[in-house]
Amino acid sequence: MGLRPSGVQDLPAALSAAGLLRADPPVARAARVEPAAYDPRRDPVTGVLNSDALARYSVRLADAVGDVLDSGRFPVVLGGDCSILLGNLLALARRGRHGLLFLDGHTDFYQPSAEPTGEAASMELALVTGRGPRPLTDLEGRGPLVRDEDVAALGFRDTAESARAGMQPLPPELYTLDLDGVRAMGAGRAARRAVDRLAGAPGGYWVHLDVDVLDDAVMPAVDYRAPGGLSWAELERMLRVALTGDRVTGFDVTIFNPRLDPDGSIASALVRCLNRGLSALTSEVA
């Protein structure tokens, strides 16, 4: 609901068909949380598409993620678009203070007045840190869902674009390392430093992956393309660091659009990368 229904809603089926559910450790299906019908009209109060429906959906998604957490398993949530981050972090916020490792080609820190279409998928990092309309920033009275100092955003390459569009600035307390910074440091070391920066969150951290963090040359199956990005090998190294240890609490994958991958080759490559990253886990996943 945070993005027009262009095909990203088919991501779970496409990645499952490409072999994600045959990961090691195996991924067990826990639930499918169906969204409400998409409404293309911008809400006149919040300035966000589908804001009321998204708030309700986020509660339902948090319930499903919470069930997985309470069973002792590791949740892997397949979008859809990046607005699923709200429900994922609401599940954690119900259980205390947690961090967020944010791997995305965009910072997604727009305020509604600067986002041209009102898509929550361009605002989710702002929303989960408490910036934006209250119906989406204070879910169940628990907002912000994550503190600025408990966020590390890596791999983005939209600094000039977002500045031209008038996006609000990222707060200094939020740890950021753009694509050039990741390259200069090395992908594995950059991920390790980010994870170390999240040590102040006592409950561990969630990993959010928007596949547009990948190089457009290998991942053109996204709706908002931009040149450059991580290689498959760089993303795999980052995931293996991020998904190692007992502090990582969950993982989501968003924005891959199977309709832009007619022969399925990109889905296959993505699943190979994800399976290798998920192999760093020692717990059962769902």
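Any read-out appearing in this document is the output of simple, stated calculations on the displayed coordinates, not a laboratory observation. None of the values given here were measured: they were computed from a predicted structure. Glycine also receives a Cβ, built like all others from the backbone with ideal geometry; neighbour counts cover every protein chain displayed.
Summarising the strand pairing of the chain, around 5 percent of its internal DSSP beta bridges are antiparallel. Looking at the square roots a ≥ b ≥ c of the eigenvalues of the Cα gyration tensor of segment 152-197, which shape do they give, rounded for a/c under 1.5, prolate if a/b is larger than b/c, or oblate? Oblate, because a/c is 1.5 or more while a/b does not exceed b/c.
Simple point charges give the picture: +1 on the Cβ of Lys and Arg, -1 on the Cβ of Asp and Glu, and for the chain a dipole about the Cα centre of about 520 debye.
Eigenvalues of the alpha-carbon gyration tensor of segment 209-258, scaled by 5 and square-rooted, set the equivalent ellipsoid semi-axes at 23, 13, 7 angstrom, largest first. Got a sec? Charge dipole of segment 158-245, +1 on Cβ for Lys and Arg, -1 for Asp and Glu; which of A165, M238, H208 is way out at the positive end? Among A165, M238, H208, the one farthest towards the positive end of the dipole of segment 158-245 is M238. Shown is the FRET efficiency for E161 and D246, computed with R0 = 35 Å from the Cβ-Cβ distance and rounded to the nearest 0.05: 0.40.
A convex hull fitted around the alpha carbon atoms of segment 106-262 yields 124 Å³ per residue.
Extension gain for A184-A269 works out to 28.1 nm (0.36 nm per residue, less the C-alpha to C-alpha distance). Short to long, the 10 Å bins of the Cα pair-distance histogram for segment 185-286 hold 15, 46, 30, 9, 0 percent of all pairs. Look at the Cα gyration tensor of segment 65-196: its axes a ≥ b ≥ c give a/c of at least 1.5 with a/b at or below b/c, and that counts as oblate. Using Cβ point charges alone (K and R +1, D and E -1), the dipole size of segment 106-210 about the Cα centre works out to roughly 320 debye.
Under a model in which nothing but the beta-carbon of Lys, Arg (+1) and Asp, Glu (-1) is charged, segment 217-286 shows a dipole of about 140 debye around its Cα centre. Using 1/(1 + (r/R0)^6) with R0 = 30 angstrom and r between the beta carbons of D39 and W232, what's the FRET efficiency to the nearest 0.05? After rounding, the FRET efficiency stands at 0.25. Peptides 79-89, 94-104, 195-205 ranked from most to least packed by the mean count of surrounding Cβ atoms within 10 Å: 79-89, 94-104, 195-205. For the chain, hydrophobic long helices are taken as DSSP H runs at least 24 Å long by C-alpha position along their axis with mean Kyte-Doolittle hydropathy of -0.5 or more; these are 51-70.
Over what distance in Å are the Cα centres of segment 138-214 and segment 78-136 separated? Result: 12 Å between the Cα centres. Net charge of the neighbourhood of D216, taken over other residues with C-beta under 11 Å away and scored Lys/Arg +1, Asp/Glu -1, is 0. Would you mind classifying segment 134-213 by shape? Square roots of the alpha carbon gyration tensor eigenvalues, ordered a ≥ b ≥ c; an a/c under 1.5 is rounded, otherwise it is prolate if a/b is larger than b/c and oblate if not. Oblate is the answer for segment 134-213, as a/c is 1.5 or above yet b/c matches or exceeds a/b.
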